[in-house]
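Here, each number is a calculation from the coordinates, and none is a lab measurement. Quick caveat, the model's predicted, so the values are computed rather than measured. Cβ sites come from the backbone with ideal geometry, for glycine too, and all protein chains shown count toward neighbours.
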Amino acid sequence: ERERLSRLRHTPCVTIDGEKIELLANIELPADGAGAIAAGAVGVGLFRTEFLFMGRSGKLPDEEEQYLAYREAVDAMQGLPVTIRTLDIGADKPLDRARKDDSLNPALGLRAIRWSLADPAMFRTQVRAVLRAAAHGRVSMMFPMLVNAEEIRQTLAHVRLAQTELDDRGAVYGAVRLGAMIEVPAAALTVRMFLRHFDFLSIGTNDLIQYTLAIDRADEAVADLYDPMHPAVLCLIAGVIAESRAQGKSVSVCGEMAGDLGLTRLLLGLGLRTFSMHPAQILAVKQEVLRADTRKLRLWAQQVLEGGECAGFRVAQPSDSLYKI
Ligand code: PEP
Ligand code: MG
C-alpha cells in the first residue's frame, strides 16, 4: 500500500471535476522540511515554531538563532511557500514541561498570541527573525489564537514596528503575507473582521473543537466527547471557508482534521481547497482527492450542515417575520 501511494507523489492533486487541491505540510523543526518535500507537499502550511523554544530552561533563542532556523526551513522547501506561525506557548505546549503551569485554566489563560503580546520584546524578536528569513523565499507569517480587534491591531502594529527596527539597522528582509489562525469560536463568528485585516486564514481545528465543545484537548477523561463532526464545529468551519472564498482570500485547515481520511470528502464539500497536515498523511489524502467529485460533495455537505440544525445557518427569507407577536 505504501509503495502504491508513493507513486502518487508526482501526480497533480486534482479532483475528478478538475478542482486543484493544495496539500501542505505541518512541520515542527526546520529538518522536517525534507520529509515534507519527500511526501510531495507543495509547501509548508504550518511551521510550529514553539519547538525551537521549548525545554531550554527559560533561555529563549535570540533573533540570529531564530533567523537561521527559519531560513533553514525556507531553504529546505526549495522555493515552495512556507507559513511560519509565531509562538503558541501555553496550555498543551508549555515552555518548560518540568515547571508546572499553576494557572487555573491554562487553555483559557495566557497562551499563544496573548503570551506574545504580553512580552513585546520577545514577540518582535521573533517577527524580525521571520521577516529576515523571508528574504530567502516565499514566506507567510501567521498568528495563533487571535480573538478580538485590539489583539489584531496590536499584532499588526508590532509587525510594522519590527520592519522599522530592521530598516533602522539596515538589515535585509523580505515581504510576507500575513495570516490569522481561526481557532476560537469568537474568531470564526467574526471572520469578516479577520478577512479585513489579513491576507489569508488558517483554521486550527484542534483548538476550534476544544473551545467550541468545551472539551480540553489534552484531557483523556473527556476524549470521547472530542468530536470534529459536531454540527456546531462543522457550521463554524463552513462559515469561515464560505466567507473567505467569497472574498477571494485563501483559507486552509491546519488542524488534525485536515489529515483525517474520513473527513477529506466533507472538507472538500464545504469548499476547502487547501489542507495542511502531518507529512505522513499527504499521499493518502491525495488518493482521496483524486477520487473526489466536488460538485457531488458540495450538495452532500450542504445536507450534512442542514441536518445539523445550526441556528442561523439557514439563509433568511423575506417572508420570515421579525417578531413573533
Ligand atoms: C490547531 O489548533 O488546530 C492547530 C493547528 O494548532 P495547534 O495544534 O498547534 O494548537
Ligand atoms: Mg491551535
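Observations on the structure shown:
- Taking the stretch 73-104 as the range and being away from ligand 1 (no atom under 16 Å from the Cβ) and farther than 18 Å from R48 by Cβ as the test, the residues that pass are D75, Q78, G79, A98, R99, K100, D102, S103, L104.
- Close pairs from the stretch 252-264: first farther than 18 Å from A292 by Cα, partner in a loop (DSSP other than H, G, I, E, B) and within 16 Å of ligand 2 (Cβ to nearest atom), Cβ under 6 Å, at least 6 apart: G255/G204
- Among the candidates L166, L195, residue that is among the aliphatic types (A, V, I, L, M), within 20 Å of the chain's Cα centre (by Cα) and away from ligand 2 (no atom under 16 Å from the Cβ): L195
- Taking first residues from the stretch 209-238 that are closer than 17 Å to G90 by Cα and partners that are of a type in the set (D, E, K, R), the Cβ contacts under 6 Å between residues at least 6 apart in sequence or on separate chains come to Q210/R217; A218/D92.
- Number of residues in the stretch 110-129 that are touching a helix residue (DSSP H, G or I) at 6+ places or on another chain (Cβ under 8 Å) and under 15 Å from T164 (Cβ atoms) equals 6.
- Between A41, A36, the distinction of being among the small types (G, A, S), surrounded by 22 or more Cβ atoms within 10 Å (Cβ to Cβ), away from ligand 1 (no atom under 13 Å from the Cβ) and part of a loop (DSSP other than H, G, I, E, B) belongs to A41 only.
- I21 meets the conditions (1) of a type outside the set (S, T, N, Q); (2) farther than 23 Å from M257 by Cβ; (3) crowded, with 19+ Cβ neighbours inside 10 Å in every case but one. The failed one is (2).
- With respect to the conditions (1) surrounded by 24 or more Cβ atoms within 10 Å (Cβ to Cβ); (2) in a loop (DSSP other than H, G, I, E, B); (3) not β-branched (V, I, T), M54 lacks only one, and its number is (1).
- Note on the stretch 50-104: among residues that are among the acidic types (D, E) and touching a strand residue (DSSP E or B) at 6+ places or on another chain (Cβ under 8 Å), the one that is nearest to A31 (Cα to Cα) is E50.
- Within the stretch 120-169, the set of residues being among the acidic types (D, E) and either without any contact (Cβ under 8 Å) to a residue 40 or more places away in the chain or in contact with a Pro (Cβ under 6 Å, 6 or more places away or on another chain) (or both) comprises E150, E151, D167, D168.
- Selection of the stretch 193-240 for residues being among the small types (G, A, S), out of contact with any strand residue (DSSP E or B) (no Cβ under 9 Å at 6 or more places or on another chain) and within 13 Å of ligand 1 (Cβ to nearest atom) yields only A218.
- If the condition is being out of contact with any Leu (no Cβ under 7 Å at 6 or more places or on another chain) and within 16 Å of ligand 1 (Cβ to nearest atom), then the stretch 143-180 contributes F143, P144, M145, L146, V147.
- Lone qualifier among A134, A107, A73 - being out of contact with any helix residue (DSSP H, G or I) (no Cβ under 6 Å at 6 or more places or on another chain), over 30 Å from T212 (Cβ atoms) and not in a loop (DSSP other than H, G, I, E, B): A134
- Any hit, the stretch 110-133, residues being surrounded by fewer than 20 Cβ atoms within 10 Å (Cβ to Cβ), more than 16 Å from ligand 1 (Cβ to nearest atom), farther than 18 Å from V159 by Cβ and among the aliphatic types (A, V, I, L, M): no
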